[in-house]
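**Student:** Can you keep this structure in mind? I'll have questions shortly.
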Amino acid sequence: MVATAMAATGAGGVSAQTSAVQGATAGRNAQPIRVNPDNVRFNNYLRDLAGPSTLVGVFGGGLLDHLRRQPPAWNDEDGLAAEIASRAGQAAVQASVRHGLAALMHHSTDYQPCECRGFGPRVEHALLETFTDRRADGSRAVSVPRIAGAYAGNFARLAWERDRDVGEAALGSTVSIGFSALFNIARELTGVGR
């Protein structure tokens, strides 16, 4: 899935088309979906699914988990691969839930850089961008999609990691949101990714 998303991100005009449904809709073809630079929502999804920060999080987090936990069944190279695969699954669930809910709720997933100056206002703006989203009308709302995505991703790992418990998943979700806040603060203060 990550390779497909990366290929679609690199391609300028990828097209996907579904076949016609048999039965009541026989004879009608589905319209193609064009993926281009104007598809901001879809491009944001692909970036969050397979972008550089996600890949660093998947590989780095998998390595840290492997070194920290080292479950007996995962104590070799295969164990490291399992940790990385688990992190990749978590990232896929997290991005899918976040962007799916944002689309349903008409929330933006774009990070809006601050036009302000000074340390305090920039940190405040970074925290605001972490915990709120812009609605279609420009107003702000609590970022239910981001929070739900973080918790869904961590709790999804319970399905394939039998040694994890609910408390660890909840803590991991909260820490994930905290890292998002730190990343946004660093982005504001350094100007990287603005």
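**Student:** Over the stretch 45-194, what is the relative contact order in whole percent, taking alpha-carbon pairs under 8 Å and six or more residues apart?
**Tutor:** Value for the stretch 45-194: 22 percent.
**Student:** Considering amide H positions built from the backbone, and no H for Pro or chain starts, which residues 5 or more places from Arg140, or on another chain, come under 5 Å of its amide H?
**Tutor:** For Arg140, the qualifying residues are Arg135.
**Student:** For a protection proxy built on the mean count of beta-carbon atoms within 10 angstrom, sort 89-102, 51-64 highest first, please.
**Tutor:** 89-102, 51-64
Taken together, the values in this text are just the output of simple stated rules run on the coordinates, not laboratory data. Computed from a predicted structure; not experimentally measured. FYI the Cβ positions are ideal-geometry reconstructions off the backbone, even for glycines, and counts take in every protein chain you see.
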